[in-house]
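Have a look at the structure below, then the notes.
Each reported figure results from applying straightforward, stated rules to the coordinates on display, with no laboratory input. Values in this document were obtained by computation on a predicted structure and should not be read as measured data. In this analysis, Cβ positions are derived from the backbone assuming ideal geometry, glycine residues included, and neighbour counts consider all displayed protein chains.
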């Protein structure tokens, strides 16, 4: 489907430059990424109105757009090449591919891209957005990562503790600016895959630990995996199913607070024994016949 | 005072083609914090993205200072709500079927 820059800006085809400028300003205020944090649709629309404004606010490019439509850059190029070919034929020269030298092409492109007289307007490059997928454990460590955005490799440091959905701005790594304008920025959103053992809530981690009935009743010790290795956990006697213990400082690293961590909250899941022997059954019956103790 | 993590306002303004009075007005409204070191004004490097954002609102989008002030508060609220939504989504995910932890 053809892109209609006038429609994008909501102006008539004969709109005056002031009307185009006003329409662009109005839409930019609505759709600018600064005013629409984490809204990819607004960002996309903003890029569209930017492109439309770049073309329509420059009288030369607007004229070409009006003549050739969306493919105005190629249309101009094609027409010039045609004219050059015709000139060559009319002059009865070499009869090869138009007799057009490199200098002619330089003129052609110069005319298209900034060869005009006067002060060309500067345009800031487009902001780009990208996603970086990490797992929970990788995002818990400050590390360097190389990304390829628009064919360019960018090496960034990912600080420990970044959150799922968090977006950071990498200045100057967006699309190139035009006519000496600055490059756009790269907005990088982190996508962190869920971990099979831990779930994260803010800076705390939540985990579940299976506990056999005997340890739950009599107490004991349990080896537990954390993000930075295995720890020995003391289980209090008469630990209930669903009881939660908090391991301070064993949670997720706090973003940009080096050395600080949230807590790890472990929920005990008491597993009942199965496949009891007759002897065990007798013992449980004996227990059941005892006077009942209070249950919390 | 150590100025390692600070950028001089005059340097910032020259680079970004921004008026010093604009930065001072933002400071007066509590939107950025300025530090004075020996008769020279600085902003913390950490505040640069915010300062650039506010400058874009003013110079690219023609929003006046009152508008910037109101928008800043609204944006803070939007970002806070987005953060809360994300956290609630993550918490909800823990109770969805198939989630073991």
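So for each of A:31-41, B:34-44 I average, over its residues, the number of other beta carbons within 10 Å; can you give me the resulting order with the highest mean first?
So the peptides A:31-41, B:34-44, ranked by packing, come out A:31-41, B:34-44.
If you take every DSSP beta bridge whose two residues both sit in segment A:125-196, what share of them, in percent to the nearest 5, is antiparallel? Bridges in segment A:125-196 that DSSP calls antiparallel: roughly 60 percent. Could you give the distance between the Cα centres of segment B:75-95 and segment B:28-66, to the whole Å? One Cα centre to the other: 28 Å.
Tell me the Kirkwood hydrodynamic radius of segment A:148-278 in angstroms, computed as one over the mean inverse distance between distinct C-alpha pairs.
On the way: mean 1/r = 0.0549 Å⁻¹.
Across segment A:148-278, the inverse of the average 1/r is 18.2 Å.
Against the empirical curve 2.2 N^0.38 Å, the C-alpha radius of gyration of the protein assembly as shown lands at a ratio of 1.49.
Quick check: convex hull of the Cα atoms in segment B:14-101, volume per residue, rounded to a whole Å³?
Numbers: hull volume 12.7 nm³, N = 88.
About 144 Å³ per residue, rounded to a whole number.
Ranked by the mean number of other Cβ atoms within 10 Å per residue, highest first, peptides A:229-241, B:14-26, A:155-167 order as A:155-167, B:14-26, A:229-241. Model label points for residue A:292 and residue A:278, set 7 angstrom from Cα along the Cα-to-Cβ axis, are 3.0 nm apart.
Remark: segment A:137-194 projects, on average over all directions, an area of 4.3 nm² (convex hull of Cα atoms). Spatially, segment A:49-68 and segment A:232-296 are offset by 69 Å when compared through their Cα centroids.
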